1. For residue 274, which of the numbered conditions (1) closer than 22 Å to residue 305 by Cα; (2) outside any helix (DSSP H, G or I); (3) hydrophobic (A, V, I, L, M, F, W, C) fails to hold?
2. Can you name every residue in the range 300-321 that is open to solvent by less than 40 Å² (accessible area, probe 1.4 Å) and either in contact with a Pro (Cβ under 9 Å, 6 or more places away or on another chain) or polar (S, T, N, Q) (or both)?
3. Could you check the range 98-119 and list, in sequence order, the residues that are outside any loop (DSSP other than H, G, I, E, B), surrounded by fewer than 19 Cβ atoms within 10 Å (Cβ to Cβ) and not aliphatic (A, V, I, L, M)?
4. Looking only at the range 160-173, decide whether some residue is over 30 Å from residue 89 (Cβ atoms) and in a strand (DSSP E or B).
5. Give 242, 247, 220, 268 a once-over and let me know the one that is over 22 Å from residue 98 (Cβ atoms), out of contact with any Asp or Glu (no Cβ under 8 Å at 6 or more places or on another chain) and not aromatic (Phe, Trp, Tyr).
6. Within the group 30, 96, which residue is at pLDDT below 95 and basic (Lys, Arg)?
7. Considering only residues that are open to solvent by 20 Å² or more (accessible area, probe 1.4 Å) and assigned to a loop (DSSP other than H, G, I, E, B), look in the range 63-83 and name the one that is modelled with the highest pLDDT.
8. Restricting the range 28-42 to residues that are among the hydrophobic types (A, V, I, L, M, F, W, C) and assigned to a strand (DSSP E or B), which is farthest from residue 171 (Cα to Cα)?
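The values are calculated or read from the model by the stated rules, or taken from the named source; none is laboratory data. Since we're looking at a predicted model, the values are computed, not measured. FYI the Cβ positions are ideal-geometry reconstructions off the backbone, even for glycines, and counts take in every protein chain you see. When the accessible area is computed, the model is the full protein with side chains, heavy atoms only, and any ligands, DNA or RNA have been set aside. Shrake-Rupley method; radii C 1.70, N 1.55, O 1.52, S 1.80 Å.
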Amino acid sequence: MSVSTISFSVEKTKNSTISQVDFDNLAFGKILSDHMFIMEYENGEWGEGKIVPFAPIPMHPALSALHYGQSIFEGLKAYRTESNEINIFRPQMNAKRFAESAERMCMPPVPEAIFLEAIRKLVEVDQDWVPSNEGYSLYIRPFLFATDEGVCIKPSDTYKFMIITAPVGVYYSEPVRVKIEEYYTRAAVGGVGRAKAAGNYGASLYPAKQCQLQGFHQLIWTDAAEHKYIEESGTMNIVFQIGGKLISPSEDADTILRGVTKKTVFDIARSWGVEIEERKITVEEIITAARNGTLEDAFGAGTAAVVTIIKGFSYQDVYYELPPVEHSFAMDLKNKLTAIQHKLAEDTFGWTLKV
């Protein structure tokens, strides 16, 4: 199936809310755009997709997703350039990861061509919602959930695929302080950590809230078995710079989400001749590097926040401060990536999809 053969019906809203939006002050994910995409799965096949005005959807009290958690999502962004073009960043990678999440959660995959064209067309319809402010973007949220009606525990036979969008500002406006988690677990071996399943995020809220009450922004997750190995930072992949190398937990582990943003910054770093290592990383290795001064940088990489610099971390009630942000290699990576996204630098990698 090619994108050129795909078309969707479009019903335009008669009551746009765009005039009510303060585009200079956008909280992340609070304001939703005028339209949404919907496509339903039943009788073993996907139906016709359609773009309709954004509105609540009817929901049966025994909806399968509500009771048994068959729900996955993705996150990606569209950017407005100085020449007023709109580009979507690396949607093919999100399409691939969405299909992998669906397989793990026993859900029907959305064909990649449909996934990509649905996103492109929805952004085209709501292109006026793509902000022009520096660092701002249109956040795109595709999601898939089970829609069988009943409380029988089994994979659903019916599903709904939807896409909504939201103009967003900066997720973190400053470097963050994080705490290495020693008790709670994000994901276990053999679980669904690699899938972008809704339940993963629900389970993370309580421990994240506890660390925030202690004055930290987020957690650094560790392995479920021993809490000995570093895994992720909050809802992002984590990267350290030690001795000039960038190191990050290997995504071969099925507890770690395969990150689009992390892969992107690694591709940039490799093009600069920086050595990359993806492997197991012990907490002790990071503590030792922080103590002897070889830990030069640490940052989270994810779609929402792009690159979030970690200014310090706590472990067993000891706080370790990292070098000043103005000397951060992570900031160089972030600046290069955002320049490509906004077409202020040449996209030599072919990452952007023009709307």
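1. (1)
2. Applying the first criterion (open to solvent by less than 40 Å² (accessible area, probe 1.4 Å)) to the range 300-321 yields 300-310, 312-314, 320.
The answer is 303, 308, 309, 310, 312, 314.
3. Across the range 98-119, the qualifying residues are 100, 103, 104, 112.
4. Filtering the range 160-173 for residues over 30 Å from residue 89 (Cβ atoms) gives none.
No, every residue in the range 160-173 fails to be over 30 Å from residue 89 (Cβ atoms) and in a strand (DSSP E or B).
5. Working: 242 fails: out of contact with any Asp or Glu (no Cβ under 8 Å at 6 or more places or on another chain); 247 fails: out of contact with any Asp or Glu (no Cβ under 8 Å at 6 or more places or on another chain); 220 fails: out of contact with any Asp or Glu (no Cβ under 8 Å at 6 or more places or on another chain).
The match here is 268.
6. Numbers: 96 fails: at pLDDT below 95.
Answer to the check: 30.
7. The qualifying residue modelled with the highest pLDDT is 69.
8. Here the answer is 39.
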